[in-house]
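The values are calculated or read from the model by the stated rules, or taken from the named source; none is laboratory data. Quantities reported herein were computed from a predicted structural model and do not represent experimental measurements. Here the Cβ positions follow ideal geometry from the backbone for every residue, glycine too, while neighbour counts run over all protein chains shown. Accessible surface areas use protein heavy atoms only, side chains included; no ligands, DNA or RNA. Shrake-Rupley method; radii C 1.70, N 1.55, O 1.52, S 1.80 Å.
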Amino acid sequence: MVVNIVWNKETVNVKILDFCLWLSSPMYARIESRKLEQLYNESVKYGQTLASKYPLKNENIQSELIDYGVSEIQTFQTLRLKNVSEKAYYDIDTKQILWDDQFALTLFQKDDQAEELLGSVQKVEQALLIHEFFHFIEENFEMPTDEFVFPNCHTNIASIFREIAAFAFTNVELDNYICQFIDVLSLKINKPTQYNELCRQYLIREKETHI
């Protein structure tokens with residue numbers, strides 16, 4: 001059954017959306033629910049705190065990131081990379097940010113809600129770069145989120161908290177920009193079955209919070 005949601009960035013429950021995007025996998029069932037929520041809240045707070053510590057003016061994002069110490073920012077096209085599944089990523093060894101400069105344009109070409117939810121192609125591009133900038137900060141100036149909020153966990157489960165913190169960081173840097181919708185629309189376009197399941201889970205969780 002197809003589940004249809006008309007998303008609204010003013011009324012969406014970002015916490016529920018994060019749980020549906022990141023923490024709904026059975027692997028997180030290993031973590032007691034109250035502990036999982038605590039780790040989530042601490043990750044969000046960590047990202048928001050670092051956004052205040054490393055503010056961006058958002059006038060020339062790439063120049064600002066270079067000033068902070070990012071060695072280089074390159075597009076996948078420039079490097080002629082193929083079969084890259086990520087929208088962007090931070091290379092720890094070279095301190096480079098690499099990103100797909102066609103990703104945002106594709107979202108706007110393929111989904112009618114992109115402008116309403118994401119603002120503009122430029123905003124999406126800024127969000128991608130700022131998200132990876134957060135990982136640069138984790139690796140060079142601060143402590144990685146998973147080590148900060150989950151120091152005794154030695155599994156790959158904990159790494160998802162880096163993504164949660166990066167989303168919180170980006171939303172603050174772009175003035176409460178709901179960058180989760182980038183992934184929501186990407187799922188809608190590229191993985192409709194997963195998108196449908198996300199919508200279903202979101203509606204269930206939202207209903208539960210109002211009971």
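For this structure, a couple of remarks:
- Among the residues making up the stretch 62-79, those that are touching a residue at least 12 places away in the same chain (Cβ under 8 Å) and touching a strand residue (DSSP E or B) at 6+ places or on another chain (Cβ under 9 Å) are Gln62, Leu65, Val70, Ser71, Glu72, Ile73, Gln74, Thr75, Phe76, Leu79.
- First in the stretch 1-23 and over 21 Å from Lys35 (Cβ atoms), second anywhere and at pLDDT below 95 and part of a loop (DSSP other than H, G, I, E, B), Cβ under 7 Å, 6 or more apart: Trp7/Gln113
- Taking the criterion of being farther than 16 Å from Phe136 by Cα, aliphatic (A, V, I, L, M), open to solvent by less than 20 Å² (accessible area, probe 1.4 Å) and touching a residue at least 24 places away in the same chain (Cβ under 8 Å), the only residue of the stretch 33-59 that qualifies is Leu39.
- Hits in the stretch 179-211 - residues which are open to solvent by 30 Å² or more (accessible area, probe 1.4 Å), of a type in the set (S, T, N, Q) and under 28 Å from Ala51 (Cβ atoms): Gln201, Thr209
- Candidates Glu32, Glu64 - the one that is at negative phi and out of contact with any helix residue (DSSP H, G or I) (no Cβ under 9 Å at 6 or more places or on another chain): Glu32
- Of the helices (runs of 4 or more DSSP H) lying entirely inside the stretch 106-165, the ones with 2 or more residues being at pLDDT below 95, within 27 Å of Met27 (Cα to Cα) and not aromatic (Phe, Trp, Tyr) are found at 145-149.
- Residue in the stretch 164-178 that is within 23 Å of Tyr46 (Cβ to Cβ), surrounded by fewer than 18 Cβ atoms within 10 Å (Cβ to Cβ) and among the small types (Gly, Ala, Ser) present: no
- With respect to the stated conditions, Gln74 is touching a Leu at 6+ places or on another chain (Cβ under 7 Å) and more than 22 Å from Val172 (Cα to Cα).
- Among the residues making up the stretch 172-193, those that are outside any loop (DSSP other than H, G, I, E, B) and in contact (Cβ under 8 Å) with a residue 60 or more places away in the chain are Val172, Glu173, Gln180, Phe181, Ile182, Asp183, Val184, Leu185, Ser186, Lys188, Ile189.
- Members of the stretch 107-135 that are out of contact with any Lys or Arg (no Cβ under 7 Å at 6 or more places or on another chain) and hydrophobic (A, V, I, L, M, F, W, C): Leu107, Phe108, Ala114, Leu118, Val121, Val124, Ala127, Leu129, Ile130, Phe133, Phe134
- Residue count, the stretch 60-103 (criterion: open to solvent by 70 Å² or more (accessible area, probe 1.4 Å), modelled with pLDDT under 90 and assigned to a helix (DSSP H, G or I)): 2
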